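Single-structure report; data block below.
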Amino acid sequence: MNHNPNAPALIDGFGRRVDYIRLSITDRCDFRCVYCMSEDVQFLPRDEVLSLEECSRLVKVFVSLGVKKVRITGGEPLVRKGALWLFNEIGHLPGLNELVVTTNGSQLEYQASALKQAGVRRINISLDTLDEARFRQITRVGELSKVLRGITTAKQARFEKIKLNTVLMRGINDDEAIPLVAFAIEHGLDISFIEEMPLGHVNHSRDSSFVSNEGTLKLLRSRYDLIGSVESTGGPARYWRVPNTNTKIGFISPHSHNFCESCNRVRITSKGELYLCLGQEHMVNLAPLLRQFPDDDLPLKEAIINSMHIKPKGHDFKPERNEPAVIRFMSHTGG
């Protein structure tokens, strides 16, 4: 598929240009993080999940419609058998400025170098604690040492940027903001703090576990002389620079700061559902079009363009509401 510089842009009903997609290639994961999925999660039957060829086709269609940034997510995308084929297939598409992957880090020890060669420019690694016992508590099954080795391997692969993603939860890991930032500085990484998303029913009380980024920023400013930054990576994070280091600190704050006014992204689940907003149910199922018209992209393009008309103005996350804003888990929509 040739890149057409005159392709129609994806503009929603509020004048926002969508040029960033997050594509989940699996709902499966080798961790069971408490804020992402239930302990007894039921994964999708394999025949309901898009094939990697269908994932590749979707990316190519979106890029032909002006998308410049693609993030591959899961579940844990790197546990998907053959995932590296997909990265190689889409990593150097004309018109695609940035291919990014979000991972829990468990597979990086073995796959980081191949991802870099495939065209992945940046990588986000979830890391909520530096304590082995807490890591097991949060992930239920994960090994911190494996993730730390993965971070070392990723650094050696020389991605343009490596960023840590951290969810702080009161009474669990909220005392680790400063140690995690110190770790990021020591290793020359960026770090973003993400307020816990009210997605799916969890085994803890979100209203009591919620940690606001406003409070985290205040804490970090008591330790570091942070400098506000207008830098952007194309997503919702607001950044602060740590002077005399290579580290910037981001805050993704769906509760305390609604970032919807500049939303430029949509999400596609591993089933082919195009969600126009993480915090709403507006959705178009692209899988039937992929399968009904295997050799004709026009119906797919029309559906994507038309979906822009139902993209909502924003989400409705309220930290004081213990009930989830949306029933589906983060692992369903894609991290």
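Miscellaneous remarks
- Listed by first and then second residue, the pairs with beta-carbon distance under 9 Å, at least 6 apart or on different chains, first residue in segment 290-311 and more than 13 Å from A9 (Cα to Cα), second basic (K, R), are L290/R57; P294/R57; D297/R57; D297/K60; L300/R57; K311/R16.
- Take the conditions (1) modelled with pLDDT under 95; (2) more than 15 Å from Y35 (Cβ to Cβ); (3) in contact with a strand residue (DSSP E or B) (Cβ under 6 Å, 6 or more places away or on another chain); L189 misses just one of them, which is (1).
- Among the criteria (1) touching a residue at least 12 places away in the same chain (Cβ under 8 Å); (2) over 19 Å from I72 (Cβ atoms), the one T103 does not fulfil is (2).
- Residue identified as closer than 19 Å to R32 by Cα and crowded, with 18+ Cβ neighbours inside 10 Å among R71, R122, R134, R80: R80
Here is a yes/no grid of residues against (1) in a loop (DSSP other than H, G, I, E, B); (2) touching a His at 6+ places or on another chain (Cβ under 8 Å); (3) modelled with pLDDT of 95 or more; (4) not aliphatic (A, V, I, L, M):
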{"position": "I138", "(1), (2), (3), (4)": "no, no, no, no"}
{"position": "A154", "(1), (2), (3), (4)": "no, no, yes, no"}
{"position": "V181", "(1), (2), (3), (4)": "no, no, yes, no"}
{"position": "M197", "(1), (2), (3), (4)": "yes, no, no, no"}
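- Hey, G142 at pLDDT below 95 and either in a loop (DSSP other than H, G, I, E, B) or closer than 24 Å to I252 by Cα (or both) or not: yes
- Scanning segment 306-335 for residues that are assigned to a helix (DSSP H, G or I) and either touching a strand residue (DSSP E or B) at 6+ places or on another chain (Cβ under 9 Å) or modelled with pLDDT under 55 (or both) yields N306, S307, M308, I310, M330, S331, H332, T333.
Let's see how each residue does on (1) in contact with a His (Cβ under 9 Å, 6 or more places away or on another chain); (2) within 23 Å of I191 (Cβ to Cβ):
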position: Q42; (1), (2): no, no
position: P45; (1), (2): no, no
position: V49; (1), (2): no, no
position: L96; (1), (2): yes, no
position: V101; (1), (2): no, yes
position: Y110; (1), (2): no, no
position: N124; (1), (2): no, yes
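- H92 assigned to a loop (DSSP other than H, G, I, E, B), more than 20 Å from the chain's Cα centre (by Cα) and modelled with pLDDT of 95 or more: yes
- The set of residues in segment 43-73 that are part of a loop (DSSP other than H, G, I, E, B), more than 18 Å from the chain's Cα centre (by Cα) and within 25 Å of C263 (Cβ to Cβ) comprises L50, L65, G66.
- Number of positions in segment 60-75 that are closer than 26 Å to Q107 by Cβ, modelled with pLDDT of 95 or more and not aromatic (F, W, Y): 8
- Neighbours by Cβ (under 8 Å, 6+ apart or cross-chain): first from segment 259-275, over 13 Å from T73 (Cβ atoms) and in contact (Cβ under 8 Å) with a residue 40 or more places away in the chain; second hydrophobic (A, V, I, L, M, F, W, C) and surrounded by fewer than 17 Cβ atoms within 10 Å (Cβ to Cβ): K271/L44
- Single residue of segment 226-266 satisfying the filter (modelled with pLDDT of 90 or more and basic (K, R)) that is surrounded by the fewest Cβ atoms within 10 Å (Cβ to Cβ): R241
The values are calculated or read from the model by the stated rules, or taken from the named source; none is laboratory data. For clarity, every value in this text was computed on a predicted model and none was experimentally measured. Note that we place each Cβ from the backbone using ideal geometry, even for glycine, and neighbour counts take in every protein chain shown.
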